[in-house]
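Here's the structure we're looking at; comments come further down.
The values are calculated or read from the model by the stated rules, or taken from the named source; none is laboratory data. These numbers were taken from a predicted model, which means no experiment stands behind them. Because the Cβ atoms are built from the backbone with ideal geometry, glycine has one as well, and the counts that use them run over all protein chains shown. All accessible areas refer to the heavy atoms of the entire protein, side chains included, with ligands and DNA or RNA removed. Shrake-Rupley method; radii C 1.70, N 1.55, O 1.52, S 1.80 Å.
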Amino acid sequence: MDPTTPDDPQPQPEPVPLAADPLSNQYTTLNDLAHELASLQDLANRGSWLSILDKAARARSHALLTTPHNHLTYLAYNVLALSKLRRFKDALTELDSLDDFDSHHYRYETYPKIYPNRFGSMVPFSLRWLHALLPLNLGNRQEGLDRFYLLLEFVREKLKVKKDQGNVNENLTAVKIWRNREIFVMNGIITEHLKSKEFSVCLDLINDLIKSSELLDPVLLSKLGHIQMQIGDLEGAKSSFDKVEKLFKEPNELLSETEFRNLISRNKALVYLVGKDYVSAVREYEECIERDGMDVVAINNKALCLMHLRDLSDSIKVLENSLERVPTVALNETLVVNLCSMYELAYVNHSDIKRTLSNWISRVAPDDFDSSCTRI
């Protein structure tokens, strides 16, 4: 989720010079789009959320943010950083400093001298997403779900408007952006219902999304299969996974060939796992890892399969090797929790081993990594 992408990112029909419109398609660097945006994005990519908070505070205190969209861009990064650091109350306080998102204060046409020939909202979509997500993080489930459903309604209305505007190339791009946002928001809603095991709601939502799609999404179909498995509908899940595999033969712009092949292999492995055929599941996960050494799901699940096969030594090696090879990708809390559980099963001196792991994590992990997952 790019914190800088506004609600209406479509290019304007009459581009103006960069000096007059820093949001036009004529900028040459990210820093032309917003103050030091390149360094903000670099810090976010590295998980340096504390540095982002410091940078935003300095930019504000030194009055370096001179246009409305600059203020919104920095606020988006600030709220995202606070959320990543689990400072949810602070993030909500920051977000509440804004007026209504649809206020005229946040529209380009309100400032014709700064943004000539630009129209629409400059609010980064990530702020709308975080506005829905933060109540969930604070334990206010119903308020969060209500906001998510309102956000879904907002996205679908935008999508309808873009579709009705005709099939010019610029509009097709906008339709794709809002379609991706619809899927993104729907996935957030489905995830929340899954936490409460509200499977029938999840099935209705995902089937509705699939039916409304002009182009079948293999990831959505796979998610449908996963939910069907959780309710014991193995045949339904296999049918969904078969549809995903058939889609591979058709033109596809949603996934790369490697991503698509790995999705198919992970689906097959899941069926094997349900049948406790761990050897076959390991084979599928190994093929995923050969194609993409950073497929963390395949790495983690291969290790779990080996553990079920009572090969604890190789299971540990799989996870340790992934951390050594691609720490920035493999270093996630689920994988570390599993590795520490294996240490506890395999070694008498597991506390010392976990402490060594924890010390290494403290040097390489992003700011938002929860070090308590090592259970020292």
Under a straight-distance cross-link criterion of Cα-Cα below 27 Å, which lysines are reachable from K176, leaving out those fewer than 8 residues away in the same chain? K158, K160, K162, K163, K211, K223, K243, K246, K249
Where the only charges are on Cβ atoms (+1 Lys, Arg; -1 Asp, Glu), what is the dipole of the stretch 203-288 about its Cα centre, to the nearest 20 debye? 240
Charge dipole magnitude, Cβ of K and R +1, D and E -1 - the stretch 247-376, Cα centre, debye nearest 20: 400
May I ask you to compute the full-extension gain from F248 to R261, defined as 0.36 nm times their residue separation minus their alpha-carbon distance, rounded to one decimal in nm? 3.9 nm
Normalise the Cα radius of gyration of the stretch 292-355 by 2.2 N^0.38 Å (N = residues in it) and let me know the number. 1.04
Given a cut-off of 21 Å, what percent of all Cα-Cα pairs of the stretch 235-376 lie beyond it? 49
Please report, in cubic angstrom per residue, the volume enclosed by the convex hull of the alpha-carbon atoms of the stretch 163-221. 81
Along principal axes, Cα extents of the stretch 33-97, largest first, whole Å: 28, 27, 18
Once Lys and Arg are counted +1 and Asp and Glu -1 for all other residues with Cβ under 13 Å from that of L312, the total becomes -2
Taking loop as defined by DSSP and a crowding limit of 15 other beta carbons within 10 Å, which trypsin sites (Lys or Arg not before Pro) in the stretch 197-278 fit? K197, K249, K276
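Assuming R0 = 30 Å, can you tell me the calculated FRET efficiency for the pair T328 and S372, based on Cβ-Cβ distance, to the nearest 0.05?
Once rounded, the FRET efficiency stands at 0.90.
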Pulled fully out, how much extra length does the chain show between K160 and Y111, if you take 0.36 nm times their separation in residues and subtract their Cα-Cα distance? 14.9 nm
Quick one: plug the Kirkwood hydrodynamic radius of the stretch 30-70 (C-alpha pairs) into Stokes-Einstein at 10 °C, 1.306 mPa s, and report D in µm²/s. 151
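Ordering V337, V155 from largest to smallest accessible area (1.4 angstrom probe), what's the sequence?
Sorted descending by solvent-accessible area, the residues read V337, V155.
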Net charge contributed by nearby residues that have their C-beta within less than 12 Å of L136 (K/R +1, D/E -1): 0
Between the alpha-carbon centers of the stretch 315-376 and the stretch 74-123, tell me the distance in whole angstrom. 37
Treating only the Cβ atoms of Lys and Arg (+1) and Asp and Glu (-1) as charged, compute the dipole magnitude of the stretch 118-269 about its Cα centre; round to the nearest 20 debye. 260
What are the semi-axes of the equivalent ellipsoid of the chain, taken as the square roots of 5 times the eigenvalues of the Cα gyration tensor, listed largest first and rounded to whole Å? 39, 28, 19
Distance in Å, no decimals, from the C-alpha centre of the stretch 269-284 to the one of the stretch 209-256 is 19
If I model the stretch 65-193 as equal point scatterers sitting on the Cα atoms and use the Debye formula, what is log10 I(q)/I(0) at q = 0.18 Å⁻¹? -1.10
